[in-house]
Amino acid sequence: MEASKSESNSNALIYSQECYDIMGACFAVYTDKGCGFLEAVYQECLEIELMARGIPFVAQPEIRLEYRGIPLKQIYIPDFLCYEEIVVELKAIAKIAPEHRAQLMNYLKATNLQCGILVNFGHYPKVEYERFVCTKGRYITP
């Protein structure tokens, strides 16, 4: 799958249109549901919205981990993998905390992907989100 990476020197702009489209779907879900539901409700609503918008995704893909080349029993399961390149992790909490950011960063490290979005539907009065870009082991939140 070929994504639209920016030709700019700024890595913060990779997959900008794709992230814009994903966040548009998230905003639509929040507009309809607001805050207060469990994460599983937002997960299901977002699946419907992504499908309606024609955004390619896999819900809850299993990410295999290994240590020194040996497969581990433990796996990571992010909420979505969109466009085969963007990890989307959902929350339904009052405020995003450092451990939620660390979770997304670990997903990016485990997948060797560069872009992730942390979306919090539990925030009021609007959906809270953070976009992460990982290049050369460094994380940027534009």
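The values are calculated or read from the model by the stated rules, or taken from the named source; none is laboratory data. Everything numeric in this text was worked out from a predicted model, so none of it was measured. Please note: Cβ atoms are built from the backbone with ideal geometry, for glycine as well, and neighbour counts cover all protein chains shown.
Scanning segment 97-120 for residues that are at pLDDT 95 or above and among the β-branched types (Val, Ile, Thr) turns up ILE117, VAL119. In segment 73-105, the residue that is surrounded by the fewest Cβ atoms within 10 Å (Cβ to Cβ) out of those that are aliphatic (A, V, I, L, M) and part of a strand (DSSP E or B) is ILE75. Checking each residue in segment 46-80 for being of a type in the set (D, E, K, R) and under 21 Å from LEU118 (Cα atoms) picks out GLU47, GLU49, ARG53, GLU62, ARG64, ASP79.
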